[in-house]
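J.: For reference, the structure I am asking about is given below.
The values are calculated or read from the model by the stated rules, or taken from the named source; none is laboratory data. Everything quoted here is computed from the prediction, not taken from an experiment. Quick reminder, even Gly has a Cβ in these numbers, built from the backbone with ideal geometry, and neighbours come from all protein chains shown.
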Amino acid sequence: MTTMQSAVLRGPDPMQVESIDLGAPEAGEVLVRVVACGVCHSDLHSINRAKSGPLRTPVILGHEVGGIVEEVGPGVTSVKAGDHVVVAFRPNCGQCYFCLRGDLALCERPDNPDRAATGARPRLHSSGEPVLQGVGVAGYSEYTLMPERGVVKVRDDAPLDVVCLVGCGVTTGVGAAINTAKVHAGSDVAVIGLGGVGLNIVQGARLAGARRIIAVDTVASKGALAAKFGATDFVNAAEGDPVAAVQKIAGGYLDYAFEAIGLGVTVTQAFNMVRRGGTAVVVGVVGQDVTVPGLAFLGEKKLIGSFFGSARPQYDIPRLIDLYMDGKINLDDLVSKRRPLREVNEAFADMETGEVARSVINPRG
Ligand code: COD
Ligand code: ZN
């Protein structure tokens, strides 16, 4: 049994740092010492769901983890104590229809997505009370316990407090461009919403050889930031209709437009930005119905979703880290702020201003 400090969400109130008990790793489990955990917008969705009621608590959020294997349970063969790992928050089963087809992000039986919530025996406790692992991870903690397929061994020379972002935002964004949309060289692209995910879509499009990459956001400072990831142009959506502005810059319609916010209105904008045969890709989590002009389908426009960058974590995560170490993708400018665990609530307040790309929490800071 290990006792660790974790930021616990118990309802509508801010998270509090508490002592949490954690069992030793059992068969097929890996105990990871968390070095850093990125602050992703999906955790803000969870916090908002706790405020309005439907989220089960107590829960420890945080799923963008870079860490070092502390101990492995019986039968674990892919990692050993001391290995550097990035957590894959939705361990695929490798056996269902979608896994066999190669669509690992669509796995229908992910291992332990939320521990106690799925009936799995809870592994974290607070004075005997079970505590959930949010999104199956619990990264705002000194340690996390993952199934073997939920950790990916990464190279030792990669800084874990940067490459932790590959556990969600980088893979989601770059993967949306290169895996889901398969952006082709020379194409014209727009990306709406320049948070940690949107900026990675921008650099995914650059990696794929896009000609024009038009970045769209309502916060003016995001223009200069997006340029560091390969955006060729910026549209401030607070200053007028972004569809008209994008078309003016591109001299017409685009081949691809990505939505990375999660609003119905921006999905419609993305769809209206693409030309006949073009593709609008929804990356944001959209909790509402979406309206698009139906006749546009006669022009073979496509409206598609993307989840976790259509990634195969064991393949994509090390490859993306190599691209970073070779200077081919930019992760350093994604980390706007580093904070200790006790400032996790402030990191979410920063996210709500739209000013930061990503904050990274150091659980021992
Ligand atoms: N027009 C343009 N930009 C806007 C608008 C608007 N109307 N409203 C907000 N924005 C900007 C903000 O200024 C901000 O820059 C950006 O949109 C949103 O950024 P963040 O940092 O709040 O969010 P991210 O980048 O962390 O984004 C995450 C998503 C919002 C895309 C979230 O829905 C998500 O994580 N989707 C991915 C789904 C998925 O595959 N998830 C995997 C597990 S998380
Ligand atoms: Zn995430």
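J.: Which is within 12 Å of ligand 1 (Cβ to nearest atom), of a type in the set (Val, Ile, Thr) and under 19 Å from Val183 (Cα atoms), of Val265, Val274, Val286, Val246?
T.: Of Val265, Val274, Val286, Val246, the one residue that is within 12 Å of ligand 1 (Cβ to nearest atom), of a type in the set (Val, Ile, Thr) and under 19 Å from Val183 (Cα atoms) is Val246.
J.: Let me ask something else. Among residues belonging to the stretch 187-209 that are away from ligand 1 (no atom under 13 Å from the Cβ) and under 21 Å from Asp241 (Cα atoms), point out the one that is surrounded by the fewest Cβ atoms within 10 Å (Cβ to Cβ).
T.: Asp188
J.: Could you grab the pairs with beta carbons closer than 8 Å, sequence gap of 6+ or different chains, first residue in the stretch 66-77 and more than 30 Å from Ser359 (Cα to Cα) and touching a residue at least 12 places away in the same chain (Cβ under 8 Å), second one of a type in the set (Asp, Glu) and crowded, with 21+ Cβ neighbours inside 10 Å?
T.: So the pair list comes out as Gly73/Glu29; Val76/Glu29.
J.: Working carefully through the options Val135, Val69, find the one that is outside any loop (DSSP other than H, G, I, E, B) and touching a Ser or Thr at 6+ places or on another chain (Cβ under 8 Å).
T.: One residue alone meets the criteria, Val135.
J.: Name the one entry in Pro130, Pro122 that is away from ligand 1 (no atom under 16 Å from the Cβ) and at pLDDT below 90.
T.: Being away from ligand 1 (no atom under 16 Å from the Cβ) and at pLDDT below 90 holds for just one of Pro130, Pro122, which is Pro122.
J.: Looking only at the stretch 159-169, decide whether some residue is of a type outside the set (S, T, N, Q) and part of a loop (DSSP other than H, G, I, E, B).
T.: Within the stretch 159-169, one or more residues are of a type outside the set (S, T, N, Q) and part of a loop (DSSP other than H, G, I, E, B).
J.: In addition: Please work out if Leu254 is buried (at least 24 other Cβ atoms within 10 Å of the Cβ) and within 21 Å of the chain's Cα centre (by Cα).
T.: Against the criterion (buried (at least 24 other Cβ atoms within 10 Å of the Cβ) and within 21 Å of the chain's Cα centre (by Cα)), Leu254 does not qualify.
J.: Looking at (1) closer than 23 Å to Ile60 by Cα; (2) touching a residue at least 24 places away in the same chain (Cβ under 8 Å); (3) more than 10 Å from ligand 1 (Cβ to nearest atom), which is the only condition Glu300 fails?
T.: Of (1) closer than 23 Å to Ile60 by Cα; (2) touching a residue at least 24 places away in the same chain (Cβ under 8 Å); (3) more than 10 Å from ligand 1 (Cβ to nearest atom), only one is false for Glu300: (1).
J.: Basic (Lys, Arg), at pLDDT 95 or above and more than 18 Å from the chain's Cα centre (by Cα): does that describe Arg319?
T.: no
J.: Scan the stretch 153-179 for residues that are of a type outside the set (D, E, K, R) and either away from ligand 2 (no atom under 16 Å from the Cβ) or surrounded by fewer than 22 Cβ atoms within 10 Å (Cβ to Cβ) (or both) and jot them down.
T.: Within the stretch 153-179, Val154, Ala158, Pro159, Leu160, Val162, Ala177, Ile178, Asn179 meet the criteria.
J.: For the stretch 333-354, which residues satisfy the criterion of being out of contact with any strand residue (DSSP E or B) (no Cβ under 7 Å at 6 or more places or on another chain) and of a type in the set (Ser, Thr, Tyr)?
T.: The one that is out of contact with any strand residue (DSSP E or B) (no Cβ under 7 Å at 6 or more places or on another chain) and of a type in the set (Ser, Thr, Tyr): Thr353.
J.: List pairs: first in the stretch 341-365 and aromatic (Phe, Trp, Tyr), second surrounded by 13 or more Cβ atoms within 10 Å (Cβ to Cβ), Cβ under 8 Å, 6+ apart or cross-chain?
T.: Final answer for the pair search is Phe348/Val39; Phe348/Asp43; Phe348/Leu44; Phe348/Ile47.
J.: Is it the case, given these coordinates, that Lys248 is more than 21 Å from Thr172 (Cα to Cα), of a type in the set (Lys, Arg) and not in a strand (DSSP E or B)?
T.: Here the answer is yes, as Lys248 does meet what is asked.
J.: More than 28 Å from Thr353 (Cα to Cα), away from ligand 2 (no atom under 15 Å from the Cβ) and in contact with a Ser or Thr (Cβ under 9 Å, 6 or more places away or on another chain), is that true of Asp83?
T.: Here the answer is no, as Asp83 does not meet what is asked.
J.: So, one more: When the residues of the stretch 41-63 are narrowed to those that are within 13 Å of ligand 1 (Cβ to nearest atom) and not in a helix (DSSP H, G or I), which ends up farthest from the chain's Cα centre (by Cα)?
T.: Only one residue tops the list, namely Leu61.
J.: So, Ile60, is that one among the aliphatic types (A, V, I, L, M), closer than 30 Å to Gly198 by Cβ, at pLDDT 95 or above and surrounded by 19 or more Cβ atoms within 10 Å (Cβ to Cβ) or not?
T.: Here the answer is yes, as Ile60 does meet what is asked.
J.: Considering only residues that are part of a strand (DSSP E or B) and β-branched (Val, Ile, Thr), look in the stretch 5-40 and name the one that is nearest to ligand 2 (Cβ to nearest atom).
T.: Ranking the qualifying residues of the stretch 5-40, first place goes to Val34.
J.: Suppose we keep only residues that are within 16 Å of ligand 1 (Cβ to nearest atom) and not small (Gly, Ala, Ser) within the stretch 309-328. Which one would you say is surrounded by the most Cβ atoms within 10 Å (Cβ to Cβ)?
T.: Per the criteria, the residue is Leu320.
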